[in-house]
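**Q** Structure below; questions to follow.
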Amino acid sequence: MSVVRSLLIFILAGLFEIGGGYLVWQWLKADKPLWYGLLGGVILALYGVVATWQTANFGRVYAAYGGIFIVLALIWAWKVDGFRPDKYDIIGALVALLGACIIVYMPRNAG
């Protein structure tokens, strides 16, 4: 699988997880209607499906996804909630992203 395709799948999965979680959060914490929570639950389930489109094994995909999720969560918070990441948020996210890429994309010997 190409790195670009794999990264796009990670991003799509992240948007589903964050978006679904955000809708559930809005339902429970911001008194939004029940359909927010139900739609959020459906979107969260779709996140689980999208993640299976990766070709790496489960452990590596989910470990790496954690780093990518950190970056996406900060971007979501910045663009949707008006949270402004500081330099330490950005540095931490970049370190996590580098770690995620090492886990999934570094070549390994078959032995």
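**Q** Of the residues Gly99, Gly82, which is without any contact (Cβ under 8 Å) to a residue 40 or more places away in the chain and either touching a strand residue (DSSP E or B) at 6+ places or on another chain (Cβ under 7 Å) or more than 25 Å from Leu23 (Cβ to Cβ) (or both)?
**A** Working: Gly82 fails: either touching a strand residue (DSSP E or B) at 6+ places or on another chain (Cβ under 7 Å) or more than 25 Å from Leu23 (Cβ to Cβ) (or both).
Being without any contact (Cβ under 8 Å) to a residue 40 or more places away in the chain and either touching a strand residue (DSSP E or B) at 6+ places or on another chain (Cβ under 7 Å) or more than 25 Å from Leu23 (Cβ to Cβ) (or both) holds for just one of Gly99, Gly82, which is Gly99.
**Q** Just to be sure before I move on: is Val49 closer than 30 Å to Tyr105 by Cα and touching a residue at least 24 places away in the same chain (Cβ under 8 Å) in the structure I sent?
**A** Numbers: closer than 30 Å to Tyr105 by Cα: yes; touching a residue at least 24 places away in the same chain (Cβ under 8 Å): no.
For Val49, the condition - closer than 30 Å to Tyr105 by Cα and touching a residue at least 24 places away in the same chain (Cβ under 8 Å) - is not met.
**Q** Please work out if Ile75 is farther than 19 Å from Leu7 by Cα, free of Cβ contacts under 8 Å to residues at least 24 places away in the same chain and part of a helix (DSSP H, G or I). Talk me through it step by step, then tell me what you get.
**A** On the way: farther than 19 Å from Leu7 by Cα: no; free of Cβ contacts under 8 Å to residues at least 24 places away in the same chain: yes; part of a helix (DSSP H, G or I): yes.
Spelling it out, it is not the case that Ile75 is farther than 19 Å from Leu7 by Cα, free of Cβ contacts under 8 Å to residues at least 24 places away in the same chain and part of a helix (DSSP H, G or I).
**Q** Moving on to the next point. Run Thr55 past the list (1) assigned to a helix (DSSP H, G or I); (2) touching a residue at least 40 places away in the same chain (Cβ under 8 Å); (3) loosely packed, with under 13 Cβ neighbours inside 10 Å and report the number of the one that doesn't hold.
**A** For Thr55, the failing item is (1).
**Q** How many residues, within the range 3-34, are more than 13 Å from the chain's Cα centre (by Cα), at pLDDT below 95 and buried (at least 16 other Cβ atoms within 10 Å of the Cβ)?
**A** Residues that pass the stated criteria total 0.
**Q** Answer yes if at least one residue in the range 35-44 is surrounded by 12 or more Cβ atoms within 10 Å (Cβ to Cβ), touching a residue at least 24 places away in the same chain (Cβ under 8 Å) and farther than 21 Å from Leu94 by Cα, and no otherwise.
**A** Yes, the range 35-44 contains at least one residue that is surrounded by 12 or more Cβ atoms within 10 Å (Cβ to Cβ), touching a residue at least 24 places away in the same chain (Cβ under 8 Å) and farther than 21 Å from Leu94 by Cα.
**Q** If I filter the range 85-111 down to residues being not aliphatic (A, V, I, L, M) and not in a helix (DSSP H, G or I), which single residue comes out as modelled with the lowest pLDDT? Even if it seems obvious, please write down each step before you answer.
**A** Our first condition is that a residue be not aliphatic (A, V, I, L, M); within the range 85-111, this holds for 85-89, 92, 99, 101, 105, 107-109, 111.
Among the residues that remain, those that are also not in a helix (DSSP H, G or I) are: 85-86, 107-109, 111.
Working: Pro85: 96, Asp86: 96, Pro107: 89, Arg108: 84, Asn109: 79, Gly111: 56.
Across the range 85-111, the extreme among qualifying residues is Gly111.
**Q** So if I check each of Val71, Val61, Val95, Val104, which one is surrounded by 12 or more Cβ atoms within 10 Å (Cβ to Cβ) and farther than 16 Å from Gly14 by Cβ?
**A** Val95
The values are calculated or read from the model by the stated rules, or taken from the named source; none is laboratory data. As the structure is a prediction and not an experimental result, all values here were calculated from the model. Reconstructed Cβ throughout: ideal geometry from the backbone, glycine too, with neighbour counts over all protein chains shown.
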